[in-house]
Amino acid sequence: MRIFSSQQKLTLKFAALACCITLITGCAKSQPNTFTFTADLPPDFAYVAAVYYEPAEGETCTVETKDNLAPVFNSQWRKEYKPDSEVEIRITRKGCPLVVRRIELEINSAYGKDRGDFGRESAMVVIRHELKEQSRGTFSETGESVFYGHCQWLFRTSGKPRILRKILDCKAADEKGERKRGRPFSAYTLDQLPGKTVKMKIMLAKEEKPGWGDTWVAVPGGWKRCLGKGFEDERAYCDGNYTDFSTFKMVDGRICTIYPGCTE
């Protein structure tokens with residue numbers, strides 16, 4: 001049996017302590033500096049995400065906007081779309097340590113071929129150093145957090161030709177699709193995010209509805225556009241006249257009498 005001197009025992013204790021510190025530091029350094037943002041969207045929908053950074057808590061440095069432009073994912077969503085975006089949590093710009101603060105989201109879907117034939121809505125993810133427990137998103141055992149939204153298409157006509165246009169209306173929702181006030185939204189703390197996945201799940205209403213009241217009349221098979229005072233009357237409220245209707249033009253050029261089927 002080997003007997004150690006007091007000096008040797010002290011040396012061994014320091015060596016063991018140094019080993020523990022190395023292990024702890026190694027674990028801290030190996031923690032991912034990214035998380036994944038992704039989305040489960042209806043067919044032909046896409047999101048655009050702009051990620052904004054601000055100086056970390058306690059930092060006195062500042063960075064001009066031109067040197068701190070937000071990275072954007074899926075900016076060319078019409079041509080190329082990827083549901084998964086890898087977001088950095090901490091970055092350094094111009095020598096200033098920054099942390100992710102928010103992700104501004106656009107929910108987009110095209111309903112025609114022209115550049116203007118699309119609907120757009122907004123959503124948001126915010127990140128803070130601290131949040132009350134009831135205010136922050138929660139993660140499953142697999143490391144995924146899901147927040148929900150519910151969207152619906154609203155239709156209207158525009159201009160003297162009465163061209164049909166569509167508006168995308170999205171609200172926050174629960175997992176069953178029940179709409180809530182405000183846009184789709186979730187919040188997290190910085191220490192929740194490393195290596196995790198944040199998912200936005202959007203549900204779409206099966207039926208569309210008029211953009212505002214007293215302009216269309218529900219009939220078997222769809223909706224008919226009130227005539228109003230004539231084609232010069234762009235607003236064309238029904239105003240009690242539910243027997244005189246007008247044609248309208250679909251974005252593909254068809255002249256129709258009923259939406260969505262076009263012909264009765």
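Computed from the coordinates by the stated procedures, all read-outs in this text should not be read as laboratory data. A quick note: this is a predicted structure, and the numbers were derived from the prediction, not measured. Glycine also receives a Cβ, built like all others from the backbone with ideal geometry; neighbour counts cover every protein chain displayed.
Highest mean first, the peptides 68-75, 123-130 sorted by other C-beta atoms within 10 Å per residue fall in the order 123-130, 68-75. When mean projected area of the Cα convex hull in nm² is calculated directly from the model, which label among (i) 13.5; (ii) 14.5; (iii) 23.2 fits? The value matching this structure is (iii). Among the listed pairs Lys94/Lys201; Lys113/Lys224; Lys66/Lys132; Lys66/Lys171, those with a Cα-Cα distance over 26 Å are Lys94/Lys201; Lys66/Lys132; Lys66/Lys171. Packing here is the average count of other Cβ atoms within 10 Å per residue, and on that basis the peptides 96-102, 257-263, highest first, run 96-102, 257-263.
Seen against the Cα atoms of the chain and their longest principal axis, helix 6-30 is set at about 10 degrees. Over all other residues within a Cβ to Cβ distance under 10 Å of Lys160, the charged ones net out to -2, with Lys and Arg as +1 and Asp and Glu as -1.
Beta-bridge orientation, the chain: approximately 70 percent antiparallel, per DSSP, counting only bridges with both partners inside. As an equivalent ellipsoid, region 212-256 spans semi-axes of 17, 14, 9 angstrom, where each value is the square root of five times an eigenvalue of the C-alpha gyration tensor, largest first.
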